[in-house]
Protein chains: 2
Amino acid sequence: MARGRKTVTIREVAEDAGVSLQTVSRVVNGGPNVRPQLRDKVRASIERLGYVPSLAAQRMSGSRSYIILAINDRERTLADWRERRGTDWVDQMLLGGILTCSKHGYRMMVELIDTHSDHVERELSAAISALQPDGVVLTPPHSENRLITELLAERGIPFARIGSNTPGPGIALTMGDEGAGHLATSRLIELGHRRIGMIAGPAQYSLSGWRIEGWKRALAEYGLPVEGLLETGDFGYESGTRAARALLDRNPDLTAIIASSDQMALAALEVARDRGLSVPRDLSLISFDNTPIVRFTNPPLTAIDQPIAETVSRAVEQLIAREPADDGDPVIEVAAALVERSSTAPAPGTA
Amino acid sequence: MARGRKTVTIREVAEDAGVSLQTVSRVVNGGPNVRPQLRDKVRASIERLGYVPSLAAQRMSGSRSYIILAINDRERTLADWRERRGTDWVDQMLLGGILTCSKHGYRMMVELIDTHSDHVERELSAAISALQPDGVVLTPPHSENRLITELLAERGIPFARIGSNTPGPGIALTMGDEGAGHLATSRLIELGHRRIGMIAGPAQYSLSGWRIEGWKRALAEYGLPVEGLLETGDFGYESGTRAARALLDRNPDLTAIIASSDQMALAALEVARDRGLSVPRDLSLISFDNTPIVRFTNPPLTAIDQPIAETVSRAVEQLIAREPADDGDPVIEVAAALVERSSTAPAPGTA
DNA sequence: ACAAGTCTTGAGAACGCTAACAAGATGCGC
DNA sequence: GCGCATCTTGTTAGCGTTCTCAAGACTTGT
């Protein structure tokens, strides 16, 4: 079987252009000191032969690997997948990442790792040794995992922590969860709501805590109570059902709920329907994430939009631009926005 | 800045175990002729030092690259993303791919390519030269792009065509679209429907044609008419709206619609609601894809479930297991299933 | 016009691994 | 016990690129 034509190497380009390997390499990498005339000649040869440098060889020669590694939680990803729950979050981060990587001649690779297992270090370590990425993007809950951040810091690999707002090591990229929690709550208060329940995410995600903080701050600003209005879920549908029931059982006068994920909001919507509560007439609902699902529910949900793709994109930009011996790692905020749909309305009995 | 500890190389393992590099290499790759005693000794050293072979170096030395490349349509992916339409399809294929790759010590990389641009060849060629993947997974509409399949065949790179049922070159993996179209249509006929409209996908996707074939076959089996019952969309929401309107305008007696994507089905649902038609009382609806969205619509949609993850997983298995000089490329079918929810009911006026 | 730079180019080593070959050890049949 | 095949281990030569260093060509200031 004809193995097809051999790959074009830098050597062939060098011969074709009548220069040394090193000169071609300089042209390819935009090296500074090459006469324009020669440069054009080399470029012509590259174009004609269709030369593209081999990633593997580039890595081998000790420079960059042109690979950014994205770490996702295997457990959660698998569960989402198995239950066909939709993994839009993964999607978004991948898109933002891949697009930005390709813009800079990089590639993004995804690795699934169990945060909870005691192999975390080993798994991550193996991935890094095999790939030797130029940067790593950590998604929650990995962003907060000390074992992971310390390993990366020790290895001297630049990394970004998505959904974290604590300063280094590693670039932190937050979507302003405290602000988003505050924003959603404030809006409900403006609409006349006084008893606003919160279905938070698991404590293991620090962003869960921040959203709660924002919610509390808004309530405090209006002197509204907090007691008995907080429930915790795991972002999944079932946990949302439990939480919504608990909230409504405990607070007959509840008129609004903020859910920390679309799935939990969907569950709350269903619970409300079961109890004969009309959304938004009797109960207003705001969710977090704004995945495609919430546009097609009945009614469509008002939601906090998480600019995940944008955030990951920013993270990748930072990692690629990063100088090896750079100064302190920044904390970057990509603000979330409130998208109003039809699950929010003035509180019952309001003008 | 301390660059962190250096990566462990095969050389260090060899020294630690007191053997040659080659022996370590053999142990790592499961080479056949190593004395058990030595093998265990080497394994112990590997374990102790935490050695993991460098992907780049492995590729360099002329063997496999341990990389499977997945090609997606940039245009469509970007549009999906921009409009936050949900790219569950991408998700599913990624998951199936990544999981199966990692099971075999491979990695999956995603590349977005414009099918329509005249750079297709160049883009693909560049990706292949840079990555030198051991296999390529083509998703629709790339699966049918001659420029692409010929390029891959010529280069001698094993590849799989998802959503295609025509024999080689390249492994074909179909979800049985003709059968699925037939299945959905038959079910509706069983329910007493006689005027069943079809909103097909774009002709550029060959699976669109197959679904139409299945629909026609089922109708023909019952001597039912086809005329005026076919509309074409582009899988997107807006096109679904247009198609559904056209269908209902032209056929006042229409009692069922099959839509070739969830988005188009959602649009049809909305059109029906606008016209005061109750789903499923007045109009039954079956969609293709079964993405998470359709579980949360009102009513939840009956849908043909596309086993995308499963299919991609099978594709990857095939590619990895592939011997270089293998015999003919197979055509593999991973059958789709009908998931009944609440958008289908007996035709109006039926027992 | 000359010394001291700066720009431009090239030669050779190195990156970490495996393929191909070579050589020594072991087993087998007779 | 000898010759041959087989098993086991080691040695050497790349794979395609960039890095380091060195040498030649060109500037510039005086």
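Overview of values
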| item | result |
| --- | --- |
| Considering residues of segment B:42-57 that are within 11 Å of another protein chain (Cβ to nearest Cβ) and open to solvent by less than 50 Å² (accessible area, probe 1.4 Å) only, the residue farthest from A:Ser63 (Cα to Cα) | B:Gly50 |
| Residue within segment A:309-317 that is open to solvent by less than 10 Å² (accessible area, probe 1.4 Å) and within 11 Å of chain B (Cβ to nearest Cβ) present | yes |
| One residue from B:Glu144, B:Glu111 being open to solvent by 40 Å² or more (accessible area, probe 1.4 Å), in contact (Cβ under 8 Å) with a residue 12 or more places away in the chain and within 20 Å of the chain's Cα centre (by Cα) | B:Glu144 |
| Criterion (more than 14 Å from every other protein chain (Cβ to nearest Cβ) and not hydroxyl-bearing (Ser, Thr, Tyr)) met by exactly one of B:Ile171, B:Ile157 | B:Ile171 |
| Test: A:Pro348 is within 14 Å of chain B (Cβ to nearest Cβ) and part of a loop (DSSP other than H, G, I, E, B) | no |
| Residue that is nearest to DNA strand C (Cβ to nearest atom), among those in segment B:24-41 that are open to solvent by 20 Å² or more (accessible area, probe 1.4 Å) and touching a residue at least 12 places away in the same chain (Cβ under 8 Å) | B:Ser25 |
| Matching residues in segment B:233-266 - criterion: being hydroxyl-bearing (Ser, Thr, Tyr) and either assigned to a helix (DSSP H, G or I) or surrounded by fewer than 16 Cβ atoms within 10 Å (Cβ to Cβ) (or both) | B:Tyr237, B:Ser239, B:Thr241 |
| In segment A:120-141, residue farthest from B:Ala56 (Cα to Cα) [restricted to those that are open to solvent by 20 Å² or more (accessible area, probe 1.4 Å) and part of a helix (DSSP H, G or I)] | A:Glu121 |
| Total residues in segment B:58-74, condition more than 8 Å from DNA strand C (Cβ to nearest atom) and more than 8 Å from every other protein chain (Cβ to nearest Cβ) | 9 |
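The values are calculated or read from the model by the stated rules, or taken from the named source; none is laboratory data. Remember, predicted model here, so these are calculated numbers, not experimental data. Reconstructed Cβ throughout: ideal geometry from the backbone, glycine too, with neighbour counts over all protein chains shown. Protein only, heavy atoms only, side chains kept; ligands, DNA and RNA dropped before computing areas. Shrake-Rupley method; radii C 1.70, N 1.55, O 1.52, S 1.80 Å.
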